[in-house]
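Enquirer: Handing you this structure, nothing more for now.
The values are calculated or read from the model by the stated rules, or taken from the named source; none is laboratory data. Everything numeric here is computed off the predicted structure, so don't read it as measured data. All Cβ positions, glycine included, derive from the backbone under ideal geometry; neighbour counts span all protein chains shown. We work out accessible area using only protein heavy atoms, side chains counted, and drop any ligands, DNA or RNA first. Shrake-Rupley method; radii C 1.70, N 1.55, O 1.52, S 1.80 Å.
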Amino acid sequence: MLLLSLAVLASGCTALRPSTPPLVAVPTHIQGLDYQQIEELGIGEGACSELHQLHREQVPLTLRTLDPLVTECADQVAAARERRARDQALSVQLEEQQAIDALMASEWERIQAELERRRAEQLRRRQEAARMEQLIQAQQRAAQEAARQRAQLMVQIEQASIQRRLRNVADKPVAYKLNQPQGLMLKRLLACVELAYPNKGWDVEYSGRNLTVVARDARLPRGDLPVEFRFQENANYWRLHYLRVADIETRTDEDRYVLSQNLIADSCPMELDVP
């Protein structure tokens with residue numbers, strides 16, 4: 001009985017001894033991230049920081065102690081991930097907005113540049129049109145003045161005294177070589193000489209096919225001196241075969257042409273090539 005009692009007592013003492021909770025190592029990853037990655041999320045305190053410290057020191061914990069820390073750290077990681085995702089979304093949105101703003105600014109600059117180009121082109125066209133208008137008006141004034149001078153000259157030519165002296169002489173083009181009549185008519189040539197160098201009268205001798213015309217005391221640069229023309233009549237023209245101005249007597253057809261044109265160049269410049 002004593003042994004039985006001791007055995008029962010011993011058995012009772014074993015059943016009443018308190019049991020020790022098992023210890024487990026701190027996990028190396030939370031939500032699939034190690035502690036370095038967790039810190040890179042910006043988590044530097046709280047449960048995650050505490051777990052990191054326990055992991056470095058290799059301190060085991062009971063599940064009752066560890067589970068709340070892991071849960072809290074997982075919540076920290078989830079919140080950090082959400083913040084990062086939100087920040088990234090905002091960053092993308094900001095970049096997109098900046099890109100849109102830059103595009104709009106570039107388009108606005110392009111539109112402004114195009115408007116400025118068009119304004120410059122319109123101004124250039126207006127200025128060109130104004131310049132052309134001024135040029136046209138100047139040309140019209142010049143043409144009107146030329147027409148007025150021409151009309152005045154024609155009146156002076158028609159009123160020249162040589163016209164009356166040659167009223168019975170046929171008016172034909174003047175030639176300096178055989179069969180090569182020029183555009184200027186006989187009476188107009190002599191009238192232009194009269195206008196250029198007024199004289200004291202004309203001596204006219206017309207016999208057969210020969211015509212001699214002398215301007216007496218023509219007002220030449222060297223003084224009042226005679227100018228003598230001799231023509232030979234042909235069917236369609238008068239050929240100038242002799243010309244003397246003061247003491248200058250021409251010898252060739254070319255000399256007669258040059259000298260005769262010089263005589264009328266100042267008085268009838270528009271008439272040199274008139275048919």
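Enquirer: Given R₀ = 35 Å, FRET efficiency for Q98-Q37 by Cβ-Cβ distance, to 0.05? If you can, show how the numbers build up before the last one.
Expert: On the way: r = 30 Å, r/R0 = 0.85.
The calculated FRET efficiency here is 0.75.
Enquirer: At 4 °C and 1.567 mPa s, what whole-number value in µm²/s does Stokes-Einstein give for the translational diffusion of the range 182-275, with Rh from the Kirkwood sum over Cα pairs?
Expert: Here the translational diffusion coefficient equals 96 µm²/s.
Enquirer: Related question: Return the carbon/sulfur percentage of the accessible area of the range 143-275, one whole number, probe 1.4 Å, all protein chains in place. List each step's numbers first, then the result.
Expert: On the way: 3310 of 7150 Å².
Ligands and nucleic acids excluded, carbon and sulfur reach 46 percent.
Enquirer: Then there is this: Summing -39500 (n - 2.57) over the DSSP H runs of n ≥ 4 in the chain and dividing by its residue number, what mean residue ellipticity at 222 nm do you reach, to the nearest 500 deg cm²/dmol? Please report the intermediate quantities before stating the final value.
Expert: On the way: 7 runs with 156 residues, N = 275.
One gets -20000 deg cm²/dmol as the mean residue ellipticity at 222 nm.
Enquirer: Could you tell me how far the Cα centroid of the range 233-255 sits from the Cα centroid of the range 35-57, in Å?
Expert: 126 Å
Enquirer: Could you work out the per residue convex hull volume over the alpha carbons of the chain, in cubic angstrom?
Expert: Hull volume normalised by residue count: 297 Å³.
Enquirer: Here's another thing I want to ask about it. Which value, in nm² and rounded to one decimal, describes the direction-averaged projected area of the C-alpha convex hull of the range 49-147? Don't skip to the end; give the middle numbers.
Expert: On the way: hull surface 39.1 nm².
That works out to 9.8 nm².
Enquirer: Leaving out ligands and nucleic acids, note down the accessible area per residue over the chain with a 1.4 angstrom probe, in whole Å².
Expert: For the chain, the per-residue accessible area is 67 Å².
Enquirer: Quick one: if the Förster radius is 35 Å, what FRET efficiency do Q127 and M154 give, using the C-beta to C-beta distance and rounding to 0.05?
Expert: 0.30
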